[in-house]
Amino acid sequence: MMDIKPDYARNMKLVGYSDQGGRSDGVQLMVHRGFAYIGHMFSNGFSVIDVRDPAKPVPVNYVKAPANTWNIHLQTSDDLLLVINAKNMFASELFKDETAYYTGALGEKVGTATQTSESRDWTAGMTVYDISHPANPRQIGFMPVEGGGIHRIWYTGGRWAYASALLDGFTDYIFITIDMSDPARPVEAGRYWLPGMNRAAGETLAWPENRRCGLHHAIIHGDTAYAAWRDAGLVSIDVADRFNPKLIVHKNWSPPFGGGTHNCLPLPDRDLLVVLDEAVLDNLADGLKHIWMMDIREPTNPISISTLPTPSDDDYPKKGGHFGPHNLHENRPDSFVSSDLVFATYQNAGVRVFDISDAFRPSEVAAFVPPAPTRMIDTRPNRTRVIQSCDIFVDKSGLIFTNDYNAGLFILERTG
């Protein structure tokens, strides 16, 4: 392992590192049966890393994405790997300035809100791979969608998957359910969107034009989908009938807060919901973002009871790039599951671990801030060479896997 000195570490140490075969940009990562599956933001595909020896991770495969297509998000369960296919937004001249991506109705900018699929140069949908041989994903199915594509999926096995999809006629990503009865032939089953999003049906937006009111993704527990709807906040959806999802409650705190809701993690044994608002612009241009603790014992009336502490061990607002939350470890059934610890990435403030055993007084108990990337994979102009810790996954043994848009895969261990 190369000698890597963190910018800051507390109760956490580095166990292993990989530059992912030279493709050191990563977005979503899953660790499954000793292998890490990592979607790339700029390297146009996904990689497989053997992490059975976490001190010596070994890149074993790279699967190239279709032309002009993102494979940034993925899910693993049993012998299946589901990978999103969507328009590569950051390769577009329009989105070289990320403000254009994070503000306004994305479907109108991409053209899917008002146009059909003729002459599109990207692949839109979801690819299904067999990973019974973990190092060698084998495509067995594909579900096409008409539009910009799928952004993120939730799948933990069985018949049902759930995704955010940018579909023709809609202003932004909406919620869909996917029937996986035959993994070789997944089929969209149901849809839910917020009123105003169905442009094709004549609906009109009821919110300011500069807001991103689109689904990032939902986490499902039982018959409830807890959906993070970016600038529209939390949307809880009843999915008891997967063909006809129905609203339970929509709650938004933006304004006055800055929006960007990205993860909604239920802790059902405690009637709590951890809700993360993503920092999406440099230098706090979208305001200071928070991770909220919500009491959901009354499902129709979620109440914020506290926020997780904001990292303050350095002057992160002046460090450059994004400062603030990005992703949570999502307590998948094949991973480390806790209702007392929250693991989050904080972009230029690295990885943070919080003790929420007292939900009214959360505290930070561990941190690790990797050094700046040695080289930039990000193709967008004028990006700051600073760590932007992106996704996080904690395996059953407690090992922490985290990545970055430029800096590769870090494998960490708590020491306190």
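The values are calculated or read from the model by the stated rules, or taken from the named source; none is laboratory data. Computed from a predicted structure; not experimentally measured. Cβ coordinates were reconstructed from backbone atoms using ideal geometry, including for glycine residues, and neighbour counts include every protein chain displayed.
Miscellaneous remarks
- Filter pass, residue 39 being under 19 Å from residue 137 (Cβ atoms), in contact (Cβ under 8 Å) with a residue 24 or more places away in the chain and touching a Lys or Arg at 6+ places or on another chain (Cβ under 6 Å): no
- Failed criterion for residue 225 (all others in (1) surrounded by 18 or more Cβ atoms within 10 Å (Cβ to Cβ); (2) in a loop (DSSP other than H, G, I, E, B) hold): (2)
- Within segment 122-136, the only residue that satisfies the criterion of being among the aromatic types (Phe, Trp, Tyr) and in a loop (DSSP other than H, G, I, E, B) is 122.
- Only residues that are in a loop (DSSP other than H, G, I, E, B) and within 19 Å of residue 104 (Cα to Cα) were counted across segment 149-204, and they come to 13.
- Top-ranked residue of segment 371-416 - restricted to ones that are among the small types (Gly, Ala, Ser) and modelled with pLDDT of 95 or more, ranked as nearest to residue 99 (Cα to Cα): 389
Residue by residue, here is whether (1) touching a Gly at 6+ places or on another chain (Cβ under 9 Å); (2) more than 21 Å from residue 322 (Cα to Cα); (3) modelled with pLDDT of 95 or more holds:
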{"site": "12", "(1), (2), (3)": "yes, yes, yes"}
{"site": "16", "(1), (2), (3)": "no, yes, yes"}
{"site": "23", "(1), (2), (3)": "yes, yes, yes"}
{"site": "29", "(1), (2), (3)": "yes, no, yes"}
{"site": "33", "(1), (2), (3)": "no, yes, yes"}
{"site": "76", "(1), (2), (3)": "no, yes, yes"}
{"site": "95", "(1), (2), (3)": "no, no, no"}
{"site": "114", "(1), (2), (3)": "yes, yes, no"}
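- Residue 86 falls short on exactly one of the conditions (1) touching a Leu at 6+ places or on another chain (Cβ under 8 Å); (2) within 21 Å of residue 260 (Cα to Cα); (3) outside any strand (DSSP E or B), and that condition is (3).
- Condition check for residue 349: of a type outside the set (S, T, N, Q), surrounded by 16 or more Cβ atoms within 10 Å (Cβ to Cβ) and either more than 22 Å from the chain's Cα centre (by Cα) or part of a strand (DSSP E or B) (or both): no
- When residue 294 is tested against (1) buried (at least 17 other Cβ atoms within 10 Å of the Cβ); (2) among the aliphatic types (A, V, I, L, M); (3) not in a strand (DSSP E or B), only condition (3) is not met.
- Test: residue in segment 234-245 that is on the phi > 0 side of the Ramachandran plot, crowded, with 17+ Cβ neighbours inside 10 Å and assigned to a strand (DSSP E or B): no
- Leading residue by the ranking (nearest to residue 243 (Cα to Cα)) among those in segment 146-168 that are of a type in the set (A, V, I, L, M) and surrounded by 23 or more Cβ atoms within 10 Å (Cβ to Cβ): 161
- Some residue of segment 132-151 being of a type in the set (Gly, Ala, Ser), in contact (Cβ under 8 Å) with a residue 60 or more places away in the chain and touching a Ser or Thr at 6+ places or on another chain (Cβ under 8 Å): yes
- Residue within segment 269-290 that is within 19 Å of the chain's Cα centre (by Cα), assigned to a strand (DSSP E or B), touching a residue at least 60 places away in the same chain (Cβ under 8 Å) and buried (at least 19 other Cβ atoms within 10 Å of the Cβ) present: yes
- Contact map, segment 302-327: first residue touching a residue at least 24 places away in the same chain (Cβ under 8 Å) and closer than 24 Å to residue 371 by Cβ, second residue surrounded by fewer than 22 Cβ atoms within 10 Å (Cβ to Cβ) and not aliphatic (A, V, I, L, M), Cβ cut-off under 6 Å, separation 6 or more or different chains; pairs are 309/364; 313/8; 320/384; 321/282; 321/384; 323/317.
- The residue that is surrounded by the most Cβ atoms within 10 Å (Cβ to Cβ), counting only those in segment 42-57 that are farther than 29 Å from residue 383 by Cβ and in contact with a strand residue (DSSP E or B) (Cβ under 6 Å, 6 or more places away or on another chain), is 54.
- Residue 249 vs. criteria crowded, with 22+ Cβ neighbours inside 10 Å and among the β-branched types (Val, Ile, Thr): no
- Among (1) of a type outside the set (A, V, I, L, M); (2) out of contact with any His (no Cβ under 9 Å at 6 or more places or on another chain); (3) at pLDDT below 95, the one test that residue 315 misses: (3)
- Pair list, Cβ under 7 Å, 6 or more apart: segment 204-233 residue under 18 Å from residue 167 (Cα atoms), other residue of a type in the set (Ser, Thr, Tyr) and surrounded by fewer than 18 Cβ atoms within 10 Å (Cβ to Cβ): none
- Within segment 14-38, considering residues that are among the hydrophobic types (A, V, I, L, M, F, W, C) and within 20 Å of residue 379 (Cβ to Cβ), the one surrounded by the fewest Cβ atoms within 10 Å (Cβ to Cβ): 27
- Some residue of segment 349-356 being touching a Ser or Thr at 6+ places or on another chain (Cβ under 6 Å) and in contact (Cβ under 8 Å) with a residue 60 or more places away in the chain: yes
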